[in-house]
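Here, each number is a calculation from the coordinates, and none is a lab measurement. All figures in this text were calculated on a predicted structure; none of them were measured in a lab. Note: ideal-geometry Cβ built from the backbone for every residue, glycine included; neighbour counts use all protein chains shown.
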Amino acid sequence: MNEIEIVENKKQCLFAYKNNNLLFYSTIDFKWTKKNLVKIFDKNDNLILEIQSYDAPFRSPKFKILSQKNLKGKNIREITTDFISFDNDKTLSRHRDDFFSLNQNYSHFFNQIKIAETKQKAWNSLQKINLNVDEKYLDFQDLIIIHDLVVRTGYNSD
């Protein structure tokens, strides 16, 4: 497995590291209307994705893609809390490992094959997520990281 560490700062921004080297980071601009602006940057501070997040009571958040730069030939089409779709017909899905657990552990799938997993302890005041990607599926690593950043940035504000 290929391990990535995603950590949160006090402003609820997330930073993804591999071997202590920054890969991506996210920022969030909170709005009182609950339409938050999430931006994802690469390690060189280039904006690669801008998302507007809509939080509705008793519903899953909705994400609207405002702008994006092509990510290694992959074009993101849609993002939800459960999946990220890209190109014409490809989807990476994310499923909670244990519904009753206090931990926030998820598995990531492509064509019903488990390709990665995230582990997070629920009782941390700041998020710290460990992401492990199967070596055979490293082509999807950036998309998985971006999906996790979009879904988890500002998560502690809810």
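Overview of results
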read-out	value
Percent of Cα pairs exceeding the 21 Å cut-off, where the set is segment 28-98	33
³J(HN,Hα), Karplus 6.51/-1.76/1.60, whole Hz, each residue of segment 61-66, x for Gly, Pro	x, 10, 10, 10, 6, 8
For ASN75, distant residues with modelled amide H under 5 Å away	ASP87
Semi-axes of the equivalent ellipsoid for the chain, Cα gyration tensor, largest first, Å	21, 19, 17
Environment charge of THR91, counting only residues whose C-beta is closer than 10 Å and scoring Lys/Arg +1, Asp/Glu -1	-2
Under 14 Å, Cβ to Cβ, from SER107 - net charge with Lys/Arg +1 and Asp/Glu -1	-2
Highest to lowest packing among 71-78, 45-52, scored as the average C-beta count within 10 Å	45-52, 71-78
Within-9-Å neighbourhood charge of ILE65 [Cβ basis; K, R +1; D, E -1]	0
